[in-house]
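Read through the structure below, which is laid out as structure tokens, and then see the notes.
Every number in this text was worked out from the coordinates using simple rules, so none of it is lab data. Because the structure is a prediction, the values reported are computed rather than measured. Neighbour counts run over all protein chains shown; Cβ positions are idealised from the backbone, glycine included.
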Amino acid sequence: WIFKLPLIIITSSNNKFQYLLNKAKKMTKGIPYEKFNLSILGEIPNDYVRVGFSIKAKLNEKDLAKILQNKRLALIFGDEKFGLPQKIRDECNYLVRLTPESKKPLRASHALSYVLGFYAKTL
């Protein structure tokens, strides 16, 4: 909402996600959700460049600037405990490591903020 970007949630369980979304809406007051650009899909559309973030990636922030020049990006973050599953890493066009830290990964919300800040800096 803050960055005025569309958000696409990929989920195989729409009912479970709707429950979690409604719970999150109760916690975040002041956002006019009727104006919030949110789509819920079963998979990432084929015309998106899939960019995954993992501490196991070989690419880093130096490579990220060039990757972010693509017009349609799907930024893919793993969960807080296990990161990106191998199946999803295999489906990414790019895998990028954020920060030089190799033992403790960023939380997904921090990684997203980091990437969006990096993106805004490259504009």
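Just tell me which lysines come within less than 18 Å, Cα to Cα, of Lys62; anything on the same chain fewer than 8 places away is out.
Leaving aside lysines fewer than 8 places away in the same chain, those within reach of Lys62 are Lys121.
Based on Cβ point charges of +1 for Lys and Arg and -1 for Asp and Glu, what charge dipole magnitude is obtained for the chain about its Cα centre, in debye rounded to the nearest 20?
Computed about the Cα centre, the dipole is about 320 debye.
Counting Lys +1, Arg +1, Asp -1, Glu -1, what net charge surrounds Asn93 among other residues with beta carbon under 14 Å of its beta carbon?
Once all neighbours under 14 Å are counted, the net charge is +2.
How much net charge surrounds Leu20 when only the other residues with a Cβ under 14 Å from the Cβ of Leu20 are counted, with Lys and Arg +1 and Asp and Glu -1?
Summing Lys and Arg as +1 and Asp and Glu as -1 gives +3.
Do any chymotrypsin sites (Phe, Trp or Tyr not before Pro) in the range 60-123 lie in a loop, going by DSSP, with at most 10 other beta-carbon atoms within 10 Å of their beta carbon, and if so which?
For chymotrypsin sites (Phe, Trp or Tyr not before Pro) across the range 60-123 that sit outside H, G, I, E and B with at most 10 neighbouring Cβ atoms in 10 Å, the list reads Phe82.
Using a Gaussian network model on the chain with a 10 Å cutoff between Cα atoms, which of Leu75, Leu98, Leu38 fluctuates the most?
Answer for the Gaussian network model of the chain: Leu38.
Going by alpha carbons, how many degrees (0 to 90, nearest 10) lie between the helix axis of 108-122 and the longest principal axis of the chain?
70 degrees
Helix 14-27 versus the longest principal axis of the chain: what angle, 0 to 90°, nearest 10, using Cα atoms?
For 14-27 against the chain, the angle is about 80 degrees.
Among (1) 27, 15, 13; (2) 24, 17, 16; (3) 34, 16, 12, only one was calculated for this model; which label is it, if the read-out is semi-axes √(5λ) of the Cα gyration tensor in Å?
(2)
From the phi angles alone, apply the Karplus equation (6.51, -1.76, 1.60; θ = phi - 60°) to the range 61-78 and give each ³J(HN,Hα) in whole Hz, x where the residue is Gly or Pro.
Rounded to whole hertz, the list is 4, 4, 7, 4, 4, 5, 4, 5, 6, 5, 7, 10, 10, 10, 8, 10, 10, x.
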